[in-house]
1. Among Leu14, Leu80, Leu36, whose mean-square fluctuation peaks in a Gaussian network model of the chain (Cα, cutoff 10 Å)?
2. Within a 10 angstrom radius of the beta carbon, how do Leu68, Leu35 rank from fewest other beta carbons to most?
3. Using alpha-carbon pairs under 8 Å, 6+ residues apart, how would you state the relative contact order of the chain in percent?
4. Could you compute how fast the range 1-94 diffuses translationally, taking Rh as the Kirkwood radius over C-alpha pairs and applying Stokes-Einstein at 37 °C with viscosity 0.692 mPa s? Give it in µm² per second.
5. So for the range 8-115: antiparallel DSSP bridges make up what percent, rounded to the nearest 5?
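Read-outs: derived from the displayed coordinates by stated rules, not from any lab. All of these numbers come straight from a predicted model, not from anything done at the bench. Backbone-built Cβ (ideal geometry, glycine too); neighbour counts: all protein chains shown.
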Amino acid sequence: MSDSSFPVVSSAGLTVVTTPDEIDITNAGLLREALLAAAAGGQAVVVVDMTGTEFCDSTGLNVLVRALRQAEQAGTELLLVLRASALHRILAVSGVGELFRTYGSLAEAVDAARAGRPAAPS
């Protein structure tokens, strides 16, 4: 079960993990647990809703990249929803941004996942 700071909700073929305003070494383990719980649900798509997240350190990025690799091996899609320009910049500077399918809103990610469409370039 995930911690309440990383709620996990599943319905209609996908799971949404919502992240808090900051992800760093103090809570990256909780993110990992939430993503593992999401993957264990057997849904085809896991959406990480980071619209409320302003900062993610290297520990959090590592958790996201590992989750992406595990999802790919399991045949699951892992999508990120990003709103904060600072978070876009962190992903770009770290070089991991292009690994992920990203969306500007949860509704866009859900619609694309259900339609099987790839993300537009961010």
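1. Leu36
2. Numbers: Leu68 22, Leu35 25.
Placing the least packed residue first, the sequence is Leu68, Leu35.
3. On the way: 214 pairs, mean separation 26.6, N = 122.
Normalised by residue count, the contact order of the chain is 22 percent.
4. Values: Rh = 13.0 Å.
Once the numbers are plugged in, D ends up at 253 µm²/s.
5. Values: 4 of 20 bridges.
That works out to approximately 20 percent antiparallel.
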